[in-house]
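Below is one structure, written out as structure tokens; comments come after it.
Derivation of every value follows stated rules applied to the coordinates shown; laboratory data play no part. These figures come from a predicted structure and were not determined experimentally. Virtual Cβ from ideal backbone geometry, glycine too; neighbours counted across all protein chains shown.
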Amino acid sequence: MSLLEERIQQIGAPDADAYEAARERLRNQARPAGCLGILEDVGARLSGIFGVMDVHLARKVVITCAGDHGICAEGVSLFPQEVTPQMVYNFINGGASINVLAKHAGAAVRVADIGVNHDFEPALPIFHKKVRRGTGNFAIEPAMTRDEARKSVEAGIEIVDELVRESPLHLLGTGDMGIGNTTPSTAIIAAYSGLSVSELTGRGTGVDDEGLRRKISAIERGLALHKPDPRDPLGVLAAVGGLEIGGLAGLVIGAAAHGVPVVCDGFIATAGALIACELAPKAKAYLFASHNSVEIGHAFMLKHLGLQPLLHLEFRLGEGTGAALAMELMDASTRILADIRTFEEVAIQDAQA
Ligand SMILES: O=C(O)c1ccc[n+]([C@@H]2O[C@H](COP(=O)([O-])O)[C@@H](O)[C@H]2O)c1
Ligand SMILES: Cc1cc2nc[nH]c2cc1C
């Protein structure tokens, strides 16, 4: 059995009793029922995942998966592909947005090269998981072969295996870096939603009207050429996806297989999560969505996955920035659940005073 199939089979269901006990405690806390909104369910879900009431998300890691995109030849992005490796170095040197927000959240940042069009020194402290140097231009050829698509997903799985081997992991955040990657992400949600490409396509890093037209046209030509079958997620990834998107899918499957909750970031990370949940529907029980991206197609991805984002901040950066911020709220959800006293506990305390 391949690593992918093995991990898919290993995904179990969270502890339903622990989840119910958590919901019961939340209902009995000395406050109006439901008044802490979405964070109540986040806390209960984490309780179900770990099988305890008092969850401590001690070790949090954001993995930023990087890859390049042949579709950039169609003029779909405002920026040149060289920015992808430049940003990888920026992440390593600690000066990027994700470094700042992850530090604030008490999370480590690790970077993975799944398909950057640049040779990194083997000594560079990143996960060296390059499947190939960038995808093909999917407007005229498949983004990658089926074997490469599988390898990209397995790269993400291997990263989680390595993280878990280091020490217990309590929360994984997924982030991306890849100039041009809003284009394959849009193609993926187009394949799954069946909606028109013009309805789903946003401006990414900020292309003008001409750029937007080129982007829509490239996606339409790619979908017409490959006719990706939504029942075949690896086929969709191979036809119109991205190497880092495969890696992001693998992170979700790997985390779920190890019983680790995973919070996915914006548009690209959610495209990866969508592929993951199509490959392994049970992974959804471990998946949280950090925020709603400005990128138009993101809302359709979240709807497809049945996920409610925690934050509404008009973010459109990627890197894992939204995931890092959401980690702080997920931490808060564990304190809400375990530390707010129930009416009964308050009465006991009063009696003891
Ligand atoms: O995550 C998001 O919601 C998001 C939305 C728009 C852009 N991005 C980031 O911008 C890059 C892709 O934008 P583009 O225009 O080159 O396709 C890539 O590095 C992403 O991390 C990310
Ligand atoms: C500078 C820059 C940083 C990014 N981080 C994620 N996507 C990005 C795109 C650009 C262009």
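Cβ-Cβ distance of Ala351 and Ile38, R₀ of 25 Å, FRET efficiency by 1/(1 + (r/R0)^6): the value works out to about 0.15.
With contacts taken as Cα pairs under 8 Å and at least 6 residues apart, segment 60-332 reaches a relative contact order of 25 percent.
Working from the Cα coordinates of segment 55-132, the gyration tensor eigenvalues give, after taking √(5λ), semi-axes of 25, 15, 12 Å in decreasing order. Size check on segment 8-60: the Cα extents along the three principal axes, sorted descending, read 40, 24, 17 Å. Highest GNM mean-square fluctuation among Leu325, Leu243, Leu311, for the chain modelled with Cα contacts below 10 Å: Leu311. Each Lys and Arg Cβ is given +1 and each Asp and Glu Cβ -1; about its Cα centre, the chain then shows a dipole of about 220 debye.
Between segment 77-151 and segment 310-347, the C-alpha centres lie 28 angstrom from each other. Here is the P(r) of segment 96-176: all C-alpha pair distances, binned every 5 Å from 0, give 3, 12, 20, 21, 20, 13, 8, 3, 1 in whole percents.
Gyration tensor over the Cα atoms of segment 215-281: the corresponding equivalent ellipsoid has semi-axes (square roots of 5 times the eigenvalues, largest first) of 24, 13, 8 Å. Measuring how big segment 284-346 is from its alpha-carbon positions, Rg and Dmax come out at 14.7, 47 Å. Give me the mean projected area, in nm² to one decimal, of the convex hull enclosing the Cα positions of the chain. That works out to 17.9 nm².
In the chain, the sites counted are GluC sites (Glu not before Pro) in DSSP loop states with at most 12 other Cβ atoms within 10 Å, and the longest stretch holding none of them, exclusive of the sites, is 83-313.
Of the residues Ala187, Ala238, Ala108, which exhibits the maximal mean-square fluctuation in a Gaussian network model of the chain defined by a 10 Å Cα contact cut-off? The residue that fluctuates most here is Ala108. Estimated from the Cβ-Cβ distance and a Förster radius of 41 angstrom, the FRET efficiency linking Arg341 and Tyr89 is about 0.25. The GNM of the chain, with springs linking C-alpha atoms under 10 angstrom apart, assigns the highest mean-square fluctuation among Phe50, Phe79, Phe343 to Phe343.
Less than 5 angstrom separates the built amide H of Phe127 from those of Val111, Ala112, Asp113, all sequence-distant by 5 or more or on a different chain.
Candidates Gly136, Leu171, Ile159 compared by Cα position along the dipole of segment 119-175: farthest toward the positive end lies Gly136, with charges placed on Cβ. Working ranking of peptides 169-177, 222-230, 84-92 by packing, defined as the average number of other Cβ atoms within 10 Å per residue, highest first, is 169-177, 84-92, 222-230. For Arg31 and Ser167, a Förster radius of 35 Å and the Cβ-Cβ distance give a FRET efficiency of 0.45, rounded to the nearest 0.05.
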